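The values are calculated or read from the model by the stated rules, or taken from the named source; none is laboratory data. For clarity, every value in this text was computed on a predicted model and none was experimentally measured. Methodologically, a virtual Cβ is constructed for each residue, glycine included, from the backbone with ideal geometry; neighbour enumeration extends over all protein chains shown.
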Ligand code: GLN
């Protein structure tokens, strides 16, 4: 029997359905893989081995249930999802001992569909970052090169899938945190449209951007995971009531019928050579198959990073005000209440979270609100109009997932502005609110994965998945690294 951790989600599900193996065998294989490679990768913050095994045994005893879409399938969850029976830390010391008394809607729906939660995965503190190095607990290593970052903030999620800890994972994407790590680690990541998936029970970073979505080894696996979690939720009034589509069987699209727009601003001359070379081959494969590629213009994109970092920091400063040491989480005791707040927040929150709080509080303060926050909100509208206009000329936009391949750990920790700039590739989509799908285009000359992403119109996940399935067939298949000799 092949080692079961090597299967993707569809293969694992097929095997369980045909009784080729039991849920306990599948879960045990993933846990054994985890035990061997996790000391190298550091993708998880909590492993739920005992719970997962006892749930597996229970499912085996009751037998296959066709009504449960994810029956017996192991998943990992970014540590921002409230999940009962495990701590929810959001990568922060502030929440190191926090056990939620309720569950995220995403978690509840996955549980009801028969999924098994194997681990909570590492992330940048409160999902703020692009490398997972801002986790208060540990860095995560890229499974393709352990000296490099896995991307972020959902770096643990991407690494867990690519290292073979589980066939699927959930992360969140506020400015690229699903797509960029998927690209840098070499898996598929889907950021649904804003409002497609409930945010209830997910530790908030920037509420008008945050969106949860799946990571897996194939586009079809991501579609299947989305189908379980998408749709209205009484607990979150921002979830759209727009009809859901069949994400498992999106209407196929032929290469000749597909027009992809390449935003000029996202294909700069000075793209890293190995990224440029790999993406050029990927584009050649598309043209050869008959896909039309078209240059499009997003003139206001030069303001995207500034606009995002003002708005996201403003929302973060307000969302993070709750971590005051009084209501819950870490507390640094003091006789004086103001001292207690100050000490708790100074010691409980890391450098990046503090930077965002300071910036966010500043841009919201009276006198600066008009100059910064309002302007940034206006720019957000202009950029959305640019993207919408470009999407009138083509079906989807195509962009690199990152201007650089996975960089060495530590390379930019003291240079936040450079890292903010690099988010240009992903964050305009969050300003707009559309769905994005990141795929691997193969390994570059330096043996590091290179990703490309498709952007679509709000609520067109089905079309995006169909286009993704086409591209996935044209591009070199994604493998997992062995990691161990
Ligand atoms: N890197 C971006 C930021 O730090 C995006 C993070 C995210 O999507 N959660 O804000």
Residue selected from the stretch 87-112 under the condition in contact with a strand residue (DSSP E or B) (Cβ under 8 Å, 6 or more places away or on another chain) and in a helix (DSSP H, G or I), by the criterion farthest from the ligand (Cβ to nearest atom)
111
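Residue-wise test of (1) part of a helix (DSSP H, G or I); (2) touching a residue at least 40 places away in the same chain (Cβ under 8 Å); (3) away from the ligand (no atom under 11 Å from the Cβ).
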residue: 114; (1), (2), (3): no, yes, yes
residue: 119; (1), (2), (3): no, yes, yes
residue: 130; (1), (2), (3): no, yes, no
residue: 136; (1), (2), (3): no, yes, yes
residue: 161; (1), (2), (3): yes, yes, yes
Just checking, how many residues over the stretch 163-183 are at negative phi, in a loop (DSSP other than H, G, I, E, B) and within 9 Å of the ligand (Cβ to nearest atom)?
5
Cβ contacts < 9 Å: first residue within 19 Å of residue 321 (Cβ to Cβ) and without any contact (Cβ under 8 Å) to a residue 40 or more places away in the chain, restricted to the stretch 356-378; second residue assigned to a helix (DSSP H, G or I) and away from the ligand (no atom under 16 Å from the Cβ), any location; separation 6+ or different chain. Result?
362/372; 368/362
(1) without any contact (Cβ under 8 Å) to a residue 40 or more places away in the chain; (2) buried (at least 19 other Cβ atoms within 10 Å of the Cβ): which one isn't true of residue 477, the others all being true?
(2)
Given the conditions (1) surrounded by fewer than 24 Cβ atoms within 10 Å (Cβ to Cβ); (2) not in a loop (DSSP other than H, G, I, E, B), and given that residue 126 satisfies all but one, which numbered condition is not satisfied?
(1)
Give the stretch 383-430 a look and list any residue that's assigned to a loop (DSSP other than H, G, I, E, B), crowded, with 24+ Cβ neighbours inside 10 Å and within 14 Å of the ligand (Cβ to nearest atom), or say none.
401, 402, 426
Selection count, the stretch 322-337, where residues are in a loop (DSSP other than H, G, I, E, B), out of contact with any helix residue (DSSP H, G or I) (no Cβ under 7 Å at 6 or more places or on another chain) and without any contact (Cβ under 8 Å) to a residue 40 or more places away in the chain:
4
Going residue by residue through the stretch 51-58, is there one that turns out to be surrounded by fewer than 21 Cβ atoms within 10 Å (Cβ to Cβ) and either closer than 29 Å to residue 141 by Cβ or in contact with a strand residue (DSSP E or B) (Cβ under 8 Å, 6 or more places away or on another chain) (or both)?
yes
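Every residue, every condition in (1) within 26 Å of residue 93 (Cα to Cα); (2) buried (at least 19 other Cβ atoms within 10 Å of the Cβ); (3) more than 16 Å from the ligand (Cβ to nearest atom); (4) under 23 Å from the mean Cα position of the chain (by Cα), yes or no:
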{"residue": "311", "(1), (2), (3), (4)": "yes, yes, no, yes"}
{"residue": "322", "(1), (2), (3), (4)": "yes, no, yes, no"}
{"residue": "353", "(1), (2), (3), (4)": "yes, yes, no, yes"}
{"residue": "380", "(1), (2), (3), (4)": "no, yes, no, yes"}
Condition check for residue 11: modelled with pLDDT of 95 or more and farther than 18 Å from residue 216 by Cα:
no
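Let's see how each residue does on (1) modelled with pLDDT under 95; (2) farther than 30 Å from residue 385 by Cβ; (3) under 16 Å from the mean Cα position of the chain (by Cα):
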site: 439; (1), (2), (3): no, no, yes
site: 443; (1), (2), (3): no, yes, no
site: 467; (1), (2), (3): no, no, no
site: 470; (1), (2), (3): no, no, no
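To keep it simple, each residue is scored yes or no on (1) assigned to a loop (DSSP other than H, G, I, E, B); (2) closer than 25 Å to residue 405 by Cα; (3) in contact with a strand residue (DSSP E or B) (Cβ under 8 Å, 6 or more places away or on another chain).
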{"position": "261", "(1), (2), (3)": "no, yes, yes"}
{"position": "268", "(1), (2), (3)": "yes, yes, no"}
{"position": "274", "(1), (2), (3)": "no, yes, yes"}
{"position": "277", "(1), (2), (3)": "no, yes, no"}
{"position": "320", "(1), (2), (3)": "no, no, no"}
{"position": "339", "(1), (2), (3)": "no, no, no"}
{"position": "343", "(1), (2), (3)": "no, no, no"}
{"position": "347", "(1), (2), (3)": "no, no, no"}
Determine which member of the set 151, 156 is at pLDDT 95 or above, within 13 Å of the ligand (Cβ to nearest atom), under 13 Å from the mean Cα position of the chain (by Cα) and on the phi > 0 side of the Ramachandran plot.
151
